[in-house]
Every structure is written in C-alpha cells, then in structure tokens.
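Below is one structure, written out as structure tokens; comments come after it.
The values are calculated or read from the model by the stated rules, or taken from the named source; none is laboratory data. Keep in mind that what you see is a predicted model, and the values were worked out from it rather than measured. With ideal geometry, Cβ positions are generated from the backbone for all residues, glycine too; neighbour counts draw on all protein chains shown. SASA here: full protein model, heavy atoms, side chains in, ligands and nucleic acids out. Shrake-Rupley method; radii C 1.70, N 1.55, O 1.52, S 1.80 Å.
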Amino acid sequence: MRDPAGAIAGRIFAFRDISSDRLVEQMKSDFVSSVSHELRTPLTSIYGFAETLLRQDVLFGDQERKTFLGYIASESQRLTAIVDALLNVARLDTGDLKVVIAPTDVRGVVDEVVQNAKDGAADRHQFVVELPEEPLAASADRDKLRQVFSILLDNAVKYSQGGKVTVGVERKNDTVEVSVADEGIGIPQGDQDQIFRKFYRGAGAELRVGASGSGLGLFIARGLVTAMGGRIWVESREGEGSTFAFELPAAGLINAR
C-alpha cells in the first residue's frame, strides 16, 4: 500500500486455508487409484480366461470350458457392479437418479441378499437373520432397496473378518427398519460423521483389515435411502463392531413385490 506521495505505507497479507481443498484432492486421487485397481482386477481375469479358451494348441474338455466361462461370467458381473456404482454416483450428483416407489416386501429382498452373501462368504462368518414371519412392506424401489442392503451387508462381511453378522427387519410405528450388525473393528468416533461422504474411507481401515474400496458404497447407500424418503445411520464403538440401520416409510401389504 502506498500513500499519495508514492511511499510505502503498509502491506496487506491474505491467507486462505486450503487444507480442505488438499484433502478433497487427495481423496479424489485415492479414489481414482482404488477404482483403477478394482477395474483392472476383473478385466485381467476376463482377458486371461478368454485368451486361454482361444488357444489352438490345447484341447479343453467340456468341464474345463464350463469352469473358465463361469469365471468370465462372475468377473463380468463384478465389473458391471463397479460401473453401476459409478453411474449411481453421477446420477446422485446431478439429481438424475430415478426411483420407482411401490409397496415392496422388505423381508423377501433381505432374505434374497443374505442367501447370496452366505454362498459367497467364507465359513468363518455366521449369519443370524431375524425376519418377521409375515411379509413386511415398505414404500420403496425394490432394486434400490436391494442395492442399499447389499452395500451394508458386504461392508459387514468385509470389515468383520469373521464372527457373527446379525440382520434384522422390524416394523416401527410408520416405518420399516433394516439393520446390519457385525462384530468387527468398529468405527472411530471421529470417522462416524464422515463415512457417508463421497470418497471417504475410515482412517486405517484398509491397514487394519486389508480391505480396500472406492469410498463410494455408503455415499451411494445414503443417497438411495434419501431418494426413497428414508434415513440411514450408524452406531459403533471402535473395536466392538458396528450397526448400520436405515428406515423407510411403511406401506400396506397389498401388491407388495
């Protein structure tokens, strides 16, 4: 700053805290690295098995071909799930996510996802399922409901490293509540307000359990639950496991899918 005579009268220093900007950039960088790895893994398997089947110097039996094709199909399904997750994030960001709300039997959806998880999980996991005897309907989009519950159940299996995973569905006043509890590493108190953010992964979770991820699952789950008129939350203590739960508006049983 100069005075009317042109002499220096003072200086102005402007400061801006860019810590949050740097954090976001680092999270984006970690996300790109993680997603690239997750995409490369199934692509490598698909390419490898396809190349093997195309070999002219080896004659494969029907059983071997069936096995190779099975791997190709499962890895393709895994790849599709990753791409679907990225598309869901884009739709949530732009507000283009479309939901079709209808009376949906929550018990049936939960039971289906749990059975698939049992087939794919190691024997070290014990699943305890507490479902009502009668159909319990919520106002929901069946596909979106399935996605949300799959994300929570997959996380429980991934971060519990064995032990019991308890799934519950119950009617509470005018809502239907779904919960998934595990006996895993738990979530530090400082992370619990952040874990539903895009790209966010719990501090040290990857190192503690060797589990990797894109940091998008819980962000997508929250977006889908919100779009269906519900809410989602977590209760956890570090080292003592976590319970994720969400609730949706209850609906009548008529025409529940």
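Given Glu75, Glu64, Glu51, which one is acidic (Asp, Glu), assigned to a helix (DSSP H, G or I) and either under 27 Å from Phe219 (Cβ atoms) or touching a Lys or Arg at 6+ places or on another chain (Cβ under 8 Å) (or both)?
Glu75 is the lone residue from the list that is acidic (Asp, Glu), assigned to a helix (DSSP H, G or I) and either under 27 Å from Phe219 (Cβ atoms) or touching a Lys or Arg at 6+ places or on another chain (Cβ under 8 Å) (or both).
Can you pull out every residue in the range 174-186 that is open to solvent by less than 30 Å² (accessible area, probe 1.4 Å) and of a type in the set (D, E, K, R)?
The answer is Glu177, Asp182.
Of the residues Leu23, Leu79, only one is of a type in the set (A, V, I, L, M, F, W, C), surrounded by 10 or more Cβ atoms within 10 Å (Cβ to Cβ) and over 23 Å from Gln147 (Cα atoms); which?
Leu23
Restrict the check to the range 187-204 and report whether at least one residue is in contact with a Leu (Cβ under 7 Å, 6 or more places away or on another chain), assigned to a strand (DSSP E or B) and either at pLDDT 85 or above or open to solvent by less than 30 Å² (accessible area, probe 1.4 Å) (or both).
Looking for residues that are in contact with a Leu (Cβ under 7 Å, 6 or more places away or on another chain), assigned to a strand (DSSP E or B) and either at pLDDT 85 or above or open to solvent by less than 30 Å² (accessible area, probe 1.4 Å) (or both), one finds none in the range 187-204, hence no.
Can you pull out the residues in the range 158-183 that are under 16 Å from Gln126 (Cβ atoms), assigned to a loop (DSSP other than H, G, I, E, B) and at pLDDT 85 or above?
Within the range 158-183, Asp182, Glu183 meet the criteria.
Can you confirm whether Ile18 is β-branched (Val, Ile, Thr), touching a Phe, Trp or Tyr at 6+ places or on another chain (Cβ under 8 Å) and on the phi < 0 side of the Ramachandran plot?
No, not satisfied.
Please go through (1) open to solvent by less than 50 Å² (accessible area, probe 1.4 Å); (2) touching a Lys or Arg at 6+ places or on another chain (Cβ under 9 Å); (3) β-branched (Val, Ile, Thr) for Ile46 and return the number of the only condition it doesn't satisfy.
Here Ile46 meets the rest and fails (2).
Name every residue in the range 111-152 that is closer than 20 Å to Asn173 by Cα and either among the aromatic types (Phe, Trp, Tyr) or buried (at least 21 other Cβ atoms within 10 Å of the Cβ) (or both), in order of residue number.
Leu136, Ala137, Ala138, Ala140, Leu145
May I ask you to say which residue of Phe60, Phe149 is without any contact (Cβ under 8 Å) to a residue 40 or more places away in the chain and among the aromatic types (Phe, Trp, Tyr)?
So the residue among Phe60, Phe149 that is without any contact (Cβ under 8 Å) to a residue 40 or more places away in the chain and among the aromatic types (Phe, Trp, Tyr) is Phe60.
Quickly run through the range 93-117 and pick out the residues that are at pLDDT 85 or above, out of contact with any strand residue (DSSP E or B) (no Cβ under 8 Å at 6 or more places or on another chain) and assigned to a helix (DSSP H, G or I).
Of everything in the range 93-117, those that are at pLDDT 85 or above, out of contact with any strand residue (DSSP E or B) (no Cβ under 8 Å at 6 or more places or on another chain) and assigned to a helix (DSSP H, G or I) turn out to be Gly108, Val109, Glu112, Val113, Gln115.
If I ask for residues that are surrounded by 17 or more Cβ atoms within 10 Å (Cβ to Cβ) and modelled with pLDDT under 85, which ones from the range 212-240 would you list?
Matches in the range 212-240: Gly213, Ser214, Gly215, Leu216.
Looking at this structure, is Ala90 surrounded by 12 or more Cβ atoms within 10 Å (Cβ to Cβ), at pLDDT 80 or above and either touching a Lys or Arg at 6+ places or on another chain (Cβ under 7 Å) or not basic (Lys, Arg) (or both)?
So Ala90 fails the test.
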